[in-house]
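See structure below.
Nothing in this text is a laboratory measurement; each read-out follows from the coordinates by a stated rule. Worth saying up front: this structure is predicted, and the values here are computed from it rather than measured. Note: ideal-geometry Cβ built from the backbone for every residue, glycine included; neighbour counts use all protein chains shown.
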Amino acid sequence: MKYGIYFAYWEKEWDCDQTKYIHRAKELGFDILEISCAMLKDMPDERLRAIRRQAEEEGMILTAGYGPGPSENLASADPAVSENAVRFFTELLRKLEILHIHTLGGGIYSYWPVDYSKPIDKEGDRARSIANVRKVGRVAEECGVDYCLE
């Protein structure tokens, strides 16, 4: 059995340097550290490889979680938004591949938190989400990442 912890146990911000928790989690006896993808958005490949090496040196497994914002909504009725979301997740999955992260979880089929003050098209959102998750799922498979819907 392996034990893991989410970096947010120690943090209040999503877009922080989470790498300092690789060593801390290992020191406390954890095998897995889940990081937020928020810090990865604009991170260069060399930095990704350095994080991967750090985790490997500590013997830690990294996993990733994410709560997409409205501009990353795979279920959006706006084609520009859903195309941006597919592009975003494609780039993100390539980054996870570099990091040797094989699990991505979260509300990665829509956006978070959903704004219920606006009209909701459940049927349309569901259909668009399914179609776009299938596209992104193929990329995830190519990258060796399990795309886990929360």
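Quick notes on this one:
- Peptide packing for 117-128, 101-112 was compared via the average number of neighbouring C-beta atoms within 10 Å per residue; ordered from the highest value, the list is 101-112, 117-128.
- Size of charge dipole - the range 41-107 - debye, nearest 20, with Cβ of Lys, Arg +1 and Asp, Glu -1, no other charges: 60 debye
- Cut-off 12 Å between beta-carbons: net charge of the residues surrounding Ile108, Lys and Arg +1, Asp and Glu -1: -3
- Dipole of the range 56-150, positive end: most advanced residue of Ala140, Leu104, Val81 [Cβ charges, Cα centre]: Val81
- Average Cα contact separation per residue, the range 52-150, under 8 Å, 6 or more apart, as relative contact order %: 37 percent
- Counting every C-alpha pair in the range 31-148, the share spaced more than 16 angstrom apart comes to 59%.
- Computed on the range 5-112, with alpha-carbon pairs under 8 angstrom and 6+ residues apart, the relative contact order is 28 percent.
- Projected-area mean, the range 14-62, by convex hull of Cα positions, square nanometres: 3.1 nm²
- Partner lysines whose Cα lies under 21 Å from the Cα of Lys122, excluding those fewer than 8 positions away in the same chain, are identified as Lys135.
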